[in-house]
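Taking it in order: structure first as structure tokens, then the write-up.
The values are calculated or read from the model by the stated rules, or taken from the named source; none is laboratory data. These numbers come from a predicted model, not from an experiment. A quick note on method: Cβ atoms are made from the backbone with ideal geometry, for glycine too, and the neighbour counts reach across all protein chains shown. Quick note on the areas: whole protein, heavy atoms, side chains included, nothing else; ligands and nucleic acids left out. Shrake-Rupley method; radii C 1.70, N 1.55, O 1.52, S 1.80 Å.
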Amino acid sequence: MGAGFMVAGRTNKLGRKLTAVAVIFLLIALAAMGCTLYASWQLEGGAAAINLVGSERMRAWHIAAMVAQPATGEEVGQEIESFERVLAQLEKGDPTRPLILPKTAETRRQFAALRTRWAEEMRPAIATALAERTGLQRTGHVAAYLQRTTHFVKQIDALVLAVERELTGNTALLRSLQFGLVAMSVVGTIALVYLLFLFIVRPVVHLEDGMRRMEAGDFAVRLPVETSDELGALAVGFNRMAEHLSDLYGNLERRVEEKTRSLAARNDELATLYETAALLAEPTSVEELCRGFLHKLASRLGAKAAAVRIADAASGEMHLFVQDGMPAGLVESERCISHDWCLCGEAAQRQRGGAYPLRRHTRGEPEYACARAGFQTLAVFPIRFGDRVLGVFNLFFDQPRELKTGDRHMLETLGRHLGMAIENQRLVAREKEMAVSEERNLLAQELHDSIAQSLAFLNMQAQMLEDSLDQGEIERARAELAQISTGIQASYDDVRELLVHFRTRASQTDLESAIAQSLTRLETQTDIRTGFTRSGKSLPLSPETQVQVLHIVQEALSNVRKHAGAREVQVDLQRGPVCRFRVRDDGRGFEPDQAAPEMHVGLRIMRERAQRIGGSLTVKSRPGAGTEVVLEVAASDQGGSAA
């Protein structure tokens with residue numbers, strides 16, 4: 001039988017079947033036990049009837065003895081009443097004792113004959129014998145009654161014999177019923193075991209065998225559905241599961257291949273995204289970035305040519321920035337297009353990309369230049385940075401081409417990456433321009449405050465020397481020449497110091513070593529003693545912050561050399577969440593509000609440098625008490641490079 005055995009409608013449950021079998025066996029057992037109980041009850045009642053009939057025989061002889069001997073009529077009457085009462089009990093029976101006279105025809109006939117003889121012969125003969133008190137007549141009547149009693153007792157014996165025969169049959173029936181119960185117990189047990197095997201054991205064995213075969217990889221196994229109960233439903237479910245598993249394993253190879261192809265495509269997309277993102281992160285020019293970007297995409301998607309157009313926000317035009325593989329005529333004709341012209345302009349305005357078929361020109365339709373160049377499909381995707389469209393990039397195909405959803409998402413993502421890279425390059429260029437401009441301003445200020453003033457002083461000394469020579473004052477001219485020589489040496493020292501300052505970079509050495517070298521150089525060039533102490537620990541400062549700190553320390557040391565007239569200078573570095581740099585000297589000191597103009601310029605430059613790295617600069621000084629310059633910079637502050 002197949003699964004079609006299960007039909008709509010009411011399903012016979014296994015529990016209902018087992019209950020029905022149990023009820024049937026119970027009813028049969030109860031019927032058999034009832035029959036045995038009834039047979040034993042009949043036997044017990046028949047035995048009681050035999051006892052009563054036997055007592056009637058004794059009572060008949062007793063009455064005969066009482067009649068033969070002088071006895072009162074009252075005594076004989078009591079016996080007669082007892083005899084008749086027992087006859088009535090035998091006729092009616094008594095289920096409670098139990099007392100049952102078998103209802104067979106023979107028994108009824110014998111009992112009826114006994115009752116008739118008693119009523120018609122024995123009772124009148126007793127009355128006749130009792131009426132004659134003396135004489136031969138009494139003797140004759142008593143002899144006649146005794147003779148009748150002999151026949152009457154034989155009648156009672158015949159009744160007893162009939163009852164005994166009936167009881168013998170009941171006893172045989174009881175034995176037969178008992179043997180039947182034994183046989184029924186054996187047969188019932190065998191039948192019950194068979195039904196249990198049929199209903200439960202065999203379906204479970206089939207299920208176990210099917211599970212074992214399925215576990216071994218045989219998905220063609222099917223269970224026979226022989227019943228409509230729970231086990232049949234379980235077999236149907238097993239067959240459905242086997243069919244499903246067979247279908248799954250049958251299509252597994254195909255699905256694995258599909259998944260493998262899908263994963264390969266995903267991996268290819270991720271590899272393209274990763275490689276392109278790595279390319280866009282390289283420190284190179286925007287043109288090289290775009291060129292590498294186009295080459296990567298063209299080789300990945302099989303494009304014949306590619307291009308990047310950059311939008312000019314001021315003029316509303318898009319300029320062909322970089323191209324790869326475009327025909328010369330197409331490059332010349334589309335070097336500059338309007339932001340709302342052709343498919344490129346539409347993609348820029350809608351900020352959505354796609355692949356567009358380039359159909360042949362027909363009357364009434366626009367003719368695309370790229371279609372005239374022989375291309376059949378054009379892919380256009382915007383280059384975005386945030387909400388702004390920086391331009392578009394094109395992929396030209398010489399065959400009809402449809403982009404998959406994954407490819408479209410990848411190209412849109414790459415467009416955002418390219419926009420971010422272009423904007424980052426612009427920001428880096430602008431940052432470098434601002435840094436160069438600020439550094440030039442600082443260089444101009446330092447040149448103005450050192451070399452320019454020295455050259456102005458030398459110019460004045462040269463004019464005075466010329467006047468002295470014109471007047472023939474040789475001694476004064478020699479003195480002025482000595483001053484000019486001293487000024488030239490000072491200017492030379494300033495130039496060397498500036499060169500050292502602007503050549504210093506944190507990449508050459510660490511900050512502490514650079515400060516130590518500056519102190520050594522100061523001690524070598526002058527008679528000033530130097531000292532450098534370090535304490536604490538902190539995170540390393542950014543390279544730009546280290547450069548600015550070094551310039552500030554060098555400027556403070558330069559002020560000590562030029563203006564302090566000190567014998568000793570001490571630099572202390574205390575690291576921690578805030579790094580503190582302290583430069584102290586024992587020079588002449590000054591009033592900060594009344595400092596010389598060139599010192600004011602130097603202090604201003606130092607404060608500007610401190611502000612660029614997010615630090616603070618404090619100058620403490622008094623005339624005759626030396627000067628202390630304190631610079632504080634947060635150790636976790638890396639913002640100095642953004643200046």
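Miscellaneous remarks
- Among the residues making up the stretch 305-333, a single one is crowded, with 19+ Cβ neighbours inside 10 Å and in a loop (DSSP other than H, G, I, E, B): Met326.
- Listing of helices (runs of 4 or more DSSP H) fully contained in the stretch 338-447 that carry 1 or more residues being at pLDDT 70 or above and within 25 Å of Ala278 (Cα to Cα): 405-447
- Condition met for Arg175 (modelled with pLDDT of 80 or more and either of a type in the set (Asp, Glu) or open to solvent by 90 Å² or more (accessible area, probe 1.4 Å) (or both)): yes
- The single condition from (1) at pLDDT 80 or above; (2) farther than 30 Å from Phe321 by Cβ; (3) open to solvent by less than 40 Å² (accessible area, probe 1.4 Å) that Ala298 fails is (2).
- Among (1) at pLDDT below 80; (2) outside any helix (DSSP H, G or I); (3) closer than 30 Å to Gly46 by Cα, the one test that Pro70 misses: (3)
- Only one of Asn170, Asn239 that is out of contact with any Cys (no Cβ under 6 Å at 6 or more places or on another chain), touching a residue at least 12 places away in the same chain (Cβ under 8 Å) and farther than 22 Å from Ala29 by Cβ: Asn239
- The stretch 322-344 residues that are over 23 Å from Leu289 (Cβ atoms), paired with ones that are modelled with pLDDT of 75 or more and among the acidic types (Asp, Glu) (beta carbon under 9 Å, 6 or more apart): Ser338/Glu317; Cys342/Glu334
- Trp61 meets all of the listed conditions (1) of a type in the set (A, V, I, L, M, F, W, C); (2) touching a residue at least 60 places away in the same chain (Cβ under 8 Å); (3) open to solvent by less than 60 Å² (accessible area, probe 1.4 Å) but one, namely (3).
- Per-region count, the stretch 515-545, residues open to solvent by less than 40 Å² (accessible area, probe 1.4 Å), part of a helix (DSSP H, G or I), over 13 Å from Leu573 (Cα atoms) and not β-branched (Val, Ile, Thr): 3
- Residue in the stretch 59-69 that is touching a helix residue (DSSP H, G or I) at 6+ places or on another chain (Cβ under 8 Å) and of a type in the set (S, T, N, Q) present: no
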